[in-house]
Amino acid sequence: TEYGRWYGLQSLWCAMFVSWAAAVAGVSTNVVPKHSYTVSGLSFFKNQGRAYSRAPVAAGHYTPQRGDIVYFKYSRNNNPTNPVGIVTGYSNGTLHTVEGNTSSSTYSSNGGVVAPHTYSIGNTNIVYICKPNYPTSGSASAPAQPANVSVPNAYKNWVFDAGYYADNNPDLKA
């Protein structure tokens, strides 16, 4: 895939997609790590105290924001997480994401596309929502962007543009 070529590894690529989207949006690896293994990405946010488990989020102790990173657990292996995606919105207990290496209709661990998905925050496959420490707009380390556009908004736009581009260019697929 394009994401694997960018990362330098051809393997399961949901985390590589998240890393790639952050990189093309100009987000530092100190904010969203470059990772191919979801466990290492989740550990990065946990070590920063920026990972919120699903239950407190569902109870209203944290409200997911566009640009947050969401980690899921689907397989029966011992890893604390498997796939990962990017939060594109949250309203009334419904989480909207865009994910790489998924299917266009339901979750698939190797669906081969970039696609948006919607989940109830009560979905027990959601294990953590992580809040990247995005720089404030206009700071020296913020990516170049139009005035008054936050990093998460720029990130969201890149993600959807990238997903559309990859899904409509078969040569970028595995």
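The values are calculated or read from the model by the stated rules, or taken from the named source; none is laboratory data. What you see is a predicted model; the values in this text were computed from it and never measured. Heads up, the Cβs are rebuilt from the backbone with ideal geometry, glycines too, and the neighbour counts pull from every protein chain shown. For accessibility, only protein heavy atoms count, side chains too; no ligands or nucleic acids. Shrake-Rupley method; radii C 1.70, N 1.55, O 1.52, S 1.80 Å.
Among T97, T106, which is at pLDDT below 80 and polar (S, T, N, Q)?
The match here is T106.
Within segment 66-73, can one find any residue that is modelled with pLDDT under 85, out of contact with any helix residue (DSSP H, G or I) (no Cβ under 8 Å at 6 or more places or on another chain) and either farther than 12 Å from V18 by Cβ or surrounded by fewer than 17 Cβ atoms within 10 Å (Cβ to Cβ) (or both)? The answer is no; no qualifying residue exists. Of all residues in segment 53-71, exactly one satisfies the criterion of being touching a Cys at 6+ places or on another chain (Cβ under 9 Å) and under 15 Å from G122 (Cβ atoms), namely V70. Has segment 41-49 got any residue that is modelled with pLDDT of 90 or more, aliphatic (A, V, I, L, M) and open to solvent by 10 Å² or more (accessible area, probe 1.4 Å)? No, there is no match, as no residue in segment 41-49 is modelled with pLDDT of 90 or more, aliphatic (A, V, I, L, M) and open to solvent by 10 Å² or more (accessible area, probe 1.4 Å). Can you tell me which residue is surrounded by the fewest Cβ atoms within 10 Å (Cβ to Cβ) among those in segment 1-15 that are part of a loop (DSSP other than H, G, I, E, B) and small (G, A, S)? Top of the filtered list is G8. Scan segment 16-27 and report the pairs whose first residue is over 15 Å from P83 (Cα atoms) and open to solvent by 30 Å² or more (accessible area, probe 1.4 Å) and whose second residue is at pLDDT 90 or above and outside any helix (DSSP H, G or I), with Cβ atoms within less than 8 Å and a gap of 6+ or a chain change. Correct list of pairs: A23/T29; A23/K34.
Which of the residues that make up segment 44-96 are over 17 Å from the mean Cα position of the chain (by Cα) and free of Cβ contacts under 8 Å to residues at least 24 places away in the same chain? Passing the criteria: N47, G49, A55, P56, A59, G60, H61, R76, N77, N78, S91, N92.
If I filter segment 50-65 down to residues being within 16 Å of P132 (Cα to Cα), of a type outside the set (K, R) and assigned to a loop (DSSP other than H, G, I, E, B), which single residue comes out as modelled with the lowest pLDDT? So, considering only residues that are within 16 Å of P132 (Cα to Cα), of a type outside the set (K, R) and assigned to a loop (DSSP other than H, G, I, E, B), the one modelled with the lowest pLDDT is Q65.
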